[in-house]
Amino acid sequence: MHFDLDDDTELLRRTVRDFADSEVAPQAEELDRTKAFPYELVAKMGELGWMGIPFAEDVGGAGGTSLQYALAVEELARVDSSVAITMCAHTSLGTQPINLFGNARQKEELMPDLCAGRKLGSFGLTEPEAGSDAGNVHTRANERGGVFTINGAKQFITNAGTDISGHVAITAVTGTGPDGKKEVSNLIVPYGTPGYEQGQPYRKMGWNASDTRPLTFTDCEVPTENLLGVRGQGFKQFLHILDIGRIGVAAMGVGLAQGALDQALAYAKERRAFGKSLSKFQTIQAKLADMSVELEAARLLTYKAAWEKDQGRNFTLTAAQAKLKTGRLAVKASEEAVQIHGGYGYIEEYPVCRFYRDAKILTIGEGTDEVQQMVIARALGA
């Protein structure tokens with residue numbers, strides 16, 4: 001059993017960390033306050049090859065591993081979750097469906113721009129009545145004359161409304177199966193298709209610099225060639241995509257918790273009370289120690305999930321465990337960081353305030369904690 005990263009992976013980790021510290025951190029507060037999408041940062045990450053880390057070089061990717069991708073997400077989330085989720089959702093949800101289920105033509109047309117960050121991909125699963133109950137899809141796509149006509153709505157969709165958004169891969173009911181149940185398929189809908197409209201961005205608690213909005217489809221027509229993978233396999237496909245996505249979101253939880261610990265430790269060393277620094281008080285030391293222990297456990301669980309995927313093993317259980325563990329840790333660690341900062345932790349100039357707001361969604365998005373518990377229990381055979 002080896003815990004050391006190979007040279008290429010360690011170099012990537014250090015490079016992303018340097019970028020996060022020098023390029024992302026100085027802009028993070030302003031991007032959050034102004035709710036401005038980080039176009040410049042996304043372009044730079046695309047040029048560096050980070051928008052396509054886990055994809056093969058022959059489709060335009062960097063040829064990296066899932067572990068390398070998770071490390072990059074972690075290092076970005078250590079300083080800013082909005083930038084991290086932009087890359088994370090684009091890679092895990094927007095690009096993976098094309099990579100895994102796209103045919104040769106779809107990959108040739110879409111993957112190079114996606115991997116280079118020239119275009120952003122998004123994934124349309126959640127609906128007003130199909131959130132945790134993801135199979136309760138109401139969006140319909142009726143086929144006639146070589147065309148799918150789509151009617152329906154999606155919500156809480158990331159990366160679909162930017163100037164560089166390229167496509168959304170959506171789940172839709174395309175008929176009725178032999179068993180009488182809904183036939184669910186995935187379809188590629190390019191940005192700008194008539195009848196496909198992006199709503200106004202949501203006013204959110206956190207992730208303010210990321211793009212999140214509702215989508216509507218009104219008699220939106222796409223050719224049958226835009227079917228993604230095998231017709232009727234949409235449910236199975238998006239469950240696999242969600243498994244992959246949980247590795248990225250777990251890495252975000254690890255990164256945010258690490259950032260919270262870094263900020264709390266630095267403040268505790270600097271701040272003085274009763275004639276000594278806060279870091280000398282046992283109560284503060286206990287908080288920092290507990291954060292460190294939980295963080296290391298969460299990090300190893302997340303890395304294991306990524307490693308299992310890279311080894312071609314079943315990673316459903318570990319990814320769900322990692323996502324559940326890291327989301328809860330991110331909330332707890334950011335709360336403790338705010339507490340250690342005292343009144344200053346409630347002031348927006350301090351990163352821990354933003355971290356606290358950003359953390360909660362990690363227990364909701366990519367499957368709520370309750371859904372993760374269901375997935376874990378099912379995997380255990382309960």
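Based on what the data block shows, is T326 in contact (Cβ under 8 Å) with a residue 60 or more places away in the chain, under 21 Å from Q263 (Cα atoms), surrounded by 21 or more Cβ atoms within 10 Å (Cβ to Cβ) and of a type in the set (V, I, T)?
Numbers: in contact (Cβ under 8 Å) with a residue 60 or more places away in the chain: yes; under 21 Å from Q263 (Cα atoms): yes; surrounded by 21 or more Cβ atoms within 10 Å (Cβ to Cβ): yes; of a type in the set (V, I, T): yes.
When the stated conditions are applied, T326 passes them.
Within the stretch 254-274, does at least one residue satisfy the condition of being at pLDDT 95 or above and in contact with a Gly (Cβ under 7 Å, 6 or more places away or on another chain)?
No, because not a single residue in the stretch 254-274 is at pLDDT 95 or above and in contact with a Gly (Cβ under 7 Å, 6 or more places away or on another chain).
Just a yes or no: is a residue in the stretch 65-77 more than 26 Å from T126 (Cα to Cα), surrounded by 24 or more Cβ atoms within 10 Å (Cβ to Cβ), in contact with a Gly (Cβ under 8 Å, 6 or more places away or on another chain) and in contact (Cβ under 8 Å) with a residue 40 or more places away in the chain?
yes
So A264 ticks every box in (1) touching an Asp or Glu at 6+ places or on another chain (Cβ under 6 Å); (2) outside the structural domain of N136 (by TED's automatic domain parsing) but one. Which box is left unticked?
The number of the failed condition is (1).
Return the only residue of D32, D58 being on the phi < 0 side of the Ramachandran plot, free of Cβ contacts under 8 Å to residues at least 12 places away in the same chain, assigned to a helix (DSSP H, G or I) and charged (D, E, K, R).
Result: D58 is the single residue among D32, D58 that is on the phi < 0 side of the Ramachandran plot, free of Cβ contacts under 8 Å to residues at least 12 places away in the same chain, assigned to a helix (DSSP H, G or I) and charged (D, E, K, R).
For F217, state whether it is modelled with pLDDT under 95, surrounded by 23 or more Cβ atoms within 10 Å (Cβ to Cβ) and not small (G, A, S).
Against the criterion (modelled with pLDDT under 95, surrounded by 23 or more Cβ atoms within 10 Å (Cβ to Cβ) and not small (G, A, S)), F217 does not qualify.
What residue, among those in the stretch 359-376 that are of a type outside the set (A, V, I, L, M) and part of a loop (DSSP other than H, G, I, E, B), is nearest to G206 (Cα to Cα)?
If we take residues in the stretch 359-376 being of a type outside the set (A, V, I, L, M) and part of a loop (DSSP other than H, G, I, E, B), then G365 is nearest to G206 (Cα to Cα).
A quick yes/no check of all residues on (1) closer than 17 Å to F355 by Cα; (2) modelled with pLDDT under 95; (3) surrounded by fewer than 23 Cβ atoms within 10 Å (Cβ to Cβ); (4) not acidic (D, E):
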site: G63; (1), (2), (3), (4): no, no, yes, yes
site: S82; (1), (2), (3), (4): yes, no, no, yes
site: G94; (1), (2), (3), (4): no, no, no, yes
site: R105; (1), (2), (3), (4): no, no, yes, yes
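Can you find even one residue in the stretch 131-138 that is buried (at least 16 other Cβ atoms within 10 Å of the Cβ), not in a loop (DSSP other than H, G, I, E, B) and not assigned by TED's automatic domain parsing to the domain that holds G94? Even if it seems obvious, please write down each step before you answer.
Kept after step one, since they are buried (at least 16 other Cβ atoms within 10 Å of the Cβ), are these residues of the stretch 131-138: 131, 134, 137.
Next, only the ones that are not in a loop (DSSP other than H, G, I, E, B) stay: none.
No, the stretch 131-138 contains no residue that is buried (at least 16 other Cβ atoms within 10 Å of the Cβ), not in a loop (DSSP other than H, G, I, E, B) and not assigned by TED's automatic domain parsing to the domain that holds G94.
Limited to the stretch 349-372, what total is found for residues that are of a type in the set (K, R) and crowded, with 23+ Cβ neighbours inside 10 Å?
1
Please list, ordered by residue number, the strands (runs of 3 or more DSSP E) wholly in the stretch 179-239 having 2 or more residues that are in contact (Cβ under 8 Å) with a residue 60 or more places away in the chain and more than 21 Å from the chain's Cα centre (by Cα). It would help to see each step written out before you state the result.
Working: elements: 182-190, 196-198, 212-223.
Result: 212-223.
Given the criteria farther than 14 Å from G245 by Cβ, out of contact with any strand residue (DSSP E or B) (no Cβ under 7 Å at 6 or more places or on another chain) and surrounded by 24 or more Cβ atoms within 10 Å (Cβ to Cβ), does E47 qualify? Let's see the steps before the verdict.
Details: farther than 14 Å from G245 by Cβ: yes; out of contact with any strand residue (DSSP E or B) (no Cβ under 7 Å at 6 or more places or on another chain): yes; surrounded by 24 or more Cβ atoms within 10 Å (Cβ to Cβ): no.
Taking the combined requirement at face value, the residue does not satisfy it.
The values are calculated or read from the model by the stated rules, or taken from the named source; none is laboratory data. Because the structure is predicted, anything quoted here is derived from the model rather than measured. When we count neighbours, we look across all protein chains shown, and the Cβ atoms used for this are built from the backbone with ideal geometry, even at glycine.
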